[in-house]
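**Student:** Quick one: the structure is below, and I'll ask about it shortly.
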Amino acid sequence: MGTFVSLRMTANLAQSSNSRRVYVETYGCQMNLADSELIGGILNPEGYTFTGELAEADVVLLNTCAVRDNAETRIRGRLGLISAQKRVRPDLVVGVLGCMAERLREQFIEEEQLVDIIVGPDEYRKLPELLASAFGGEKGIAVRLSRVETYDDIEPLRTEGVSAWIAVMRGCDKFCTFCVVPFTRGRERSRPQESIVQEVRTLAGRGFREFTLLGQNVNSYRDGDRSFASLMKAVAAVDRSVRVRFTTSHPQDMSDELIEAIAVTENICKYIHLPVQSGSDRILSLMNRTYTAEQYMRLVEKIRRAIPGVSLTTDIISGFPTETEEDHQMTVALMREVQYDGAYTFIYSARERTRAWDMGDDVPAEVKSARVTGIVAMQQLISRELNRRLVGTVVPVLVEGPSKKSDMVFMGRTDTNKTVVFPHQREQAGDIVTITIDRANSATLFGHTGVAAQHAEGEAA
Ligand code: SAH
Ligand code: SF4
Ligand code: F3S
């Protein structure tokens, strides 16, 4: 869950007397993106419509992330810009939702006069009520965390497309000592398997071709005696022509049953994001990660034996309290040994309320960034080498649509979650096409449709 994206919902399905327009900006992980769709599902039946233009909006909602200080700084900067709008349009309603709402609570309303409502991740059902009061000039705050809320009965407002996220569990009980998530999202709870399967059936019928089951700690999903592996198998059985993925998994909950389910089920993608965080046992123990580097390596070997060709990615934190050069080198060594297909790398950021907060933040900023820079450079070398080995192979690719650069060039993903770009012929978003890989860099595979060799305009790899 390391990617940070900003989603602007533009679906406009409501047909009701309420003509208010909502602009949503989303920060943080895929859970937050899924939550923004959920918020759409809560507000749309109340007549709200959505706009991608801040200037057109009657309501601005920022769905925020608190995982690192720089995420918060960016969001505070954005709030500053929005305040400028509010000065000229005093009836504009501004809301702070998500993880920062949980962390900063009243502070927002007191310090930042421009915020009208503050709503934590378990209180989104109250949004219509809070917005109605805000239009009457009343500020509102709802930040209680719940042990049971899964929003199971609410249908998220999804923009039609190829891929759909499905939140199957919420919260986290792992309490890694650096992490604010257990405080901002509360305790773990899962949705019933049956209702998830039903949702997938409906969405597959509507044309979605790929489902990503989401949770902060998705493989600790449980519905009575049914495990995450059972859920994955049930979802994959709904329609064998759709792809099923999941994120994020914790090494501790990577059961043999789940590995086997991925290995034997054709439409479960051969891709696992398995955050390691560090390669030093001393640091892993201070982080409360519950495994040693050796145990993690054995898990990786088991996965590789069971699922040949599996793609593995990870999260790494540099500069955790007391991390020495030697600890850092152990991380580098582990990465070299695993040969990850990709890594999300983070500079440690001390978060209030976490246990690591009390350990101090003793690694100097420049040392932290030097370590991250080294890790990024090494990962690029590994990714490039692994990707280059795919040159000449023929891979099935799920087409997502035109690439960012040109309508003539399309992009899609392999089952192993690698981005592939290729000249557009007749294929459409949602098709699975056969692509021959012609060249590769650390981030992208370049190919052409079909299995025949391509002769024209060769560009050096
Ligand atoms: N549940 C997910 C983590 C979500 S946060 C998981 O366990 O994989 C995504 C990543 O952010 C974490 O894996 C970690 O690498 C990073 N992260 C979390 N807290 C951080 C902090 N205080 N400083 C730097 N990176 C952090
Ligand atoms: Fe944070 Fe650890 Fe939970 Fe992931 S597993 S959300 S890193 S506490
Ligand atoms: Fe996600 Fe950020 Fe919250 S990573 S869970 S939005 S703190």
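**Student:** Of all residues in region 30-58, count the ones that are outside any helix (DSSP H, G or I) and either within 19 Å of the chain's Cα centre (by Cα) or at negative phi (or both). Break it down stepwise before answering.
**Tutor:** Residues of region 30-58 that are outside any helix (DSSP H, G or I), as a first pass: 47-53, 57-58.
Checking which are either within 19 Å of the chain's Cα centre (by Cα) or at negative phi (or both) leaves us with 48-53, 57-58.
Residues that pass the stated criteria total 8.
**Student:** Hey, another quick one. Hey, can you tell me all the residues within region 214-245 that are among the hydrophobic types (A, V, I, L, M, F, W, C) and either modelled with pLDDT under 95 or within 16 Å of ligand 3 (Cβ to nearest atom) (or both)?
**Tutor:** Scanning region 214-245 gives 214, 218.
**Student:** Also, quick follow-up: Name the residue, out of 188, 194, 210, 155, that is more than 27 Å from residue 401 (Cα to Cα) and away from ligand 2 (no atom under 15 Å from the Cβ).
**Tutor:** 194
**Student:** Can you tell me which of (1) touching a Lys or Arg at 6+ places or on another chain (Cβ under 8 Å); (2) at negative phi; (3) open to solvent by less than 20 Å² (accessible area, probe 1.4 Å) is the one residue 141 doesn't meet?
**Tutor:** Going through (1) touching a Lys or Arg at 6+ places or on another chain (Cβ under 8 Å); (2) at negative phi; (3) open to solvent by less than 20 Å² (accessible area, probe 1.4 Å) one by one, residue 141 breaks only (3).
**Student:** Evaluate the following for residue 369: is it of a type outside the set (D, E, K, R), within 16 Å of ligand 1 (Cβ to nearest atom) and part of a loop (DSSP other than H, G, I, E, B)?
**Tutor:** So residue 369 does not fit the description; no.
**Student:** Of everything in region 224-272 that's among the hydroxyl-bearing types (Ser, Thr, Tyr) and not in a helix (DSSP H, G or I), which residue is nearest to ligand 2 (Cβ to nearest atom)?
**Tutor:** That would be 248.
**Student:** Here's a check for you: in region 239-254, which residue that is open to solvent by 20 Å² or more (accessible area, probe 1.4 Å) and within 16 Å of ligand 1 (Cβ to nearest atom) is farthest from residue 222 (Cα to Cα)?
**Tutor:** By that ranking, first place goes to 252.
**Student:** Further question on the same structure: Answer yes or no: is there a residue in region 5-17 that is crowded, with 22+ Cβ neighbours inside 10 Å and at pLDDT below 95.
**Tutor:** Yes; the residues of region 5-17 include at least one that is crowded, with 22+ Cβ neighbours inside 10 Å and at pLDDT below 95.
**Student:** Just need a number here: residues in region 83-107 that are surrounded by 15 or more Cβ atoms within 10 Å (Cβ to Cβ), more than 16 Å from ligand 2 (Cβ to nearest atom) and at pLDDT 90 or above.
**Tutor:** 7
**Student:** In region 338-366, what residues are assigned to a loop (DSSP other than H, G, I, E, B) and out of contact with any strand residue (DSSP E or B) (no Cβ under 6 Å at 6 or more places or on another chain)?
**Tutor:** Of the residues in region 338-366, the ones assigned to a loop (DSSP other than H, G, I, E, B) are 339-341, 348-354, 360-364.
Listed by number, the residues that qualify are 339, 349, 350, 351, 352, 353, 354, 360, 361, 362, 363, 364.
**Student:** Run residue 406 past the list (1) open to solvent by less than 50 Å² (accessible area, probe 1.4 Å); (2) farther than 29 Å from residue 177 by Cα; (3) within 23 Å of the chain's Cα centre (by Cα) and report the number of the one that doesn't hold.
**Tutor:** Result: residue 406 fails condition (3) only.
**Student:** Hey, another quick one. Can you tell me how many residues within region 315-337 are within 13 Å of ligand 1 (Cβ to nearest atom) and either β-branched (Val, Ile, Thr) or not in a strand (DSSP E or B) (or both)?
**Tutor:** Count: 7.
**Student:** Evaluate region 338-353: report whether one residue or more is assigned by TED's automatic domain parsing to the domain that holds residue 384, at pLDDT below 95 and either on the phi > 0 side of the Ramachandran plot or away from ligand 1 (no atom under 16 Å from the Cβ) (or both).
**Tutor:** Yes, because at least one residue in region 338-353 is assigned by TED's automatic domain parsing to the domain that holds residue 384, at pLDDT below 95 and either on the phi > 0 side of the Ramachandran plot or away from ligand 1 (no atom under 16 Å from the Cβ) (or both).
**Student:** Identify, by number, the condition in (1) under 30 Å from residue 175 (Cα atoms); (2) surrounded by fewer than 19 Cβ atoms within 10 Å (Cβ to Cβ) that residue 119 doesn't meet.
**Tutor:** (2)
**Student:** Could you tell me which of the residues 201, 209 is crowded, with 21+ Cβ neighbours inside 10 Å and under 19 Å from residue 243 (Cα atoms)?
**Tutor:** Selected residue: 209, the only one of 201, 209 that is crowded, with 21+ Cβ neighbours inside 10 Å and under 19 Å from residue 243 (Cα atoms).
**Student:** Could you tell me which of the residues 267, 288 is surrounded by 14 or more Cβ atoms within 10 Å (Cβ to Cβ), of a type in the set (S, T, N, Q) and within 12 Å of ligand 1 (Cβ to nearest atom)?
**Tutor:** Selected residue: 288, the only one of 267, 288 that is surrounded by 14 or more Cβ atoms within 10 Å (Cβ to Cβ), of a type in the set (S, T, N, Q) and within 12 Å of ligand 1 (Cβ to nearest atom).
**Student:** Let me ask something else about it. Only residues in region 313-342 that are open to solvent by 10 Å² or more (accessible area, probe 1.4 Å) and within 16 Å of ligand 3 (Cβ to nearest atom) count as the first member; pair them with residues that are modelled with pLDDT under 95 and in a loop (DSSP other than H, G, I, E, B), Cβ under 6 angstrom, at least 6 apart or cross-chain, and list the lot.
**Tutor:** 315/2
**Student:** Shifting gears a bit: What number of residues within region 59-82 satisfy the criterion of being in a loop (DSSP other than H, G, I, E, B) and either within 14 Å of residue 115 (Cβ to Cβ) or open to solvent by 20 Å² or more (accessible area, probe 1.4 Å) (or both)?
**Tutor:** Going through region 59-82 one residue at a time, the tally reaches 2.
**Student:** How many residues, within region 288-314, are in a strand (DSSP E or B) and polar (S, T, N, Q)?
**Tutor:** Result for region 288-314: 3.
**Student:** Also, I was wondering about something else. Out of everything in region 249-279 that is of a type in the set (S, T, N, Q) and touching a strand residue (DSSP E or B) at 6+ places or on another chain (Cβ under 9 Å), what residue ends up being farthest from residue 211 (Cα to Cα)?
**Tutor:** Top of the filtered list is 278.
The values are calculated or read from the model by the stated rules, or taken from the named source; none is laboratory data. Since we're looking at a predicted model, the values are computed, not measured. Note that we place each Cβ from the backbone using ideal geometry, even for glycine, and neighbour counts take in every protein chain shown. Heads up: the accessible areas ignore ligands, DNA and RNA and are worked out on the full protein's heavy atoms, side chains in. Shrake-Rupley method; radii C 1.70, N 1.55, O 1.52, S 1.80 Å.
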